[in-house]
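Novice: Encoded as structure tokens, here's the structure I'll be asking about.
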Amino acid sequence: MALIKCPECGKEISSEAKRCPHCGKRLKTPWYKSWIFWTVTGVIIFIAIMISIVIIQMNEGAELARQSEFYQEMDEISEDAKRASSRSESAIEELDEMQDQLDYLLKD
Ligand SMILES: [Zn+2]
């Protein structure tokens with residue numbers, strides 16, 4: 001508890017006093033001592049935390065959706081590769097057959 005000077009009469013009074021005991025001047029409570037300030041600050045901090053939690057969860061959801069899309073694309077690409085390789089295998093077989101036919105023709 002400190003002593004401050006009353007802004008009205010200049011006499012020393014307690015800093016805790018809400019009213020000067022000498023002249024009756026109503027003293028302002030500093031902003032950091034007001035319960036309204038702390039209540040509002042607490043509510044703002046609470047809302048900010050809730051908003052950041054929601055944003056983080058939304059980002060994680062979007063990230064998961066992107067990842068599953070990526071894996072789907074990878075699956076499609078590997079399917080395409082499988083189809084292409086089976087096509088080239090059958091093309092090689094056809095070429096072998098053609099080679100055989102050519103050999104047969106050349107023998108004659
Ligand atoms: Zn006073």
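Novice: Can you find a residue that is of a type outside the set (Phe, Trp, Tyr), free of Cβ contacts under 8 Å to residues at least 24 places away in the same chain and within 30 Å of residue 7 (Cβ to Cβ) anywhere in the range 58-72? Break it down stepwise before answering.
Specialist: Pass one, the range 58-72, residues of a type outside the set (Phe, Trp, Tyr): 58-69, 72.
Next, only the ones that are free of Cβ contacts under 8 Å to residues at least 24 places away in the same chain stay: 58-69, 72.
Checking the rest, the ones that are also within 30 Å of residue 7 (Cβ to Cβ) come to none.
Scanning the range 58-72, I find no residue that is of a type outside the set (Phe, Trp, Tyr), free of Cβ contacts under 8 Å to residues at least 24 places away in the same chain and within 30 Å of residue 7 (Cβ to Cβ), so the answer is no.
Table: residues versus (1) modelled with pLDDT of 95 or more; (2) aromatic (Phe, Trp, Tyr); (3) surrounded by 10 or more Cβ atoms within 10 Å (Cβ to Cβ); (4) not assigned by TED's automatic domain parsing to the domain that holds residue 3.
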site	(1), (2), (3), (4)
38	no, yes, yes, yes
46	yes, yes, yes, yes
50	yes, no, yes, yes
59	no, no, yes, yes
69	no, no, yes, yes
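Novice: From the list 8, 76, which one is among the charged types (D, E, K, R) and either surrounded by fewer than 10 Cβ atoms within 10 Å (Cβ to Cβ) or more than 13 Å from the ligand (Cβ to nearest atom) (or both)?
Specialist: None of the others qualify; the one that does is 76.
Novice: Moving to a separate point now. Tell me which residues, restricted to the range 13-36, are more than 7 Å from the ligand (Cβ to nearest atom) and surrounded by 11 or more Cβ atoms within 10 Å (Cβ to Cβ).
Specialist: Residues satisfying the conditions are 14, 15, 16, 17, 19, 21, 27, 29, 33, 34.
The values are calculated or read from the model by the stated rules, or taken from the named source; none is laboratory data. What you are looking at is a predicted structure, and each value in this text was computed from that prediction instead of being measured. Don't worry about glycine lacking a Cβ; one is built from the backbone with ideal geometry, like all the others, and counts go over all protein chains shown.
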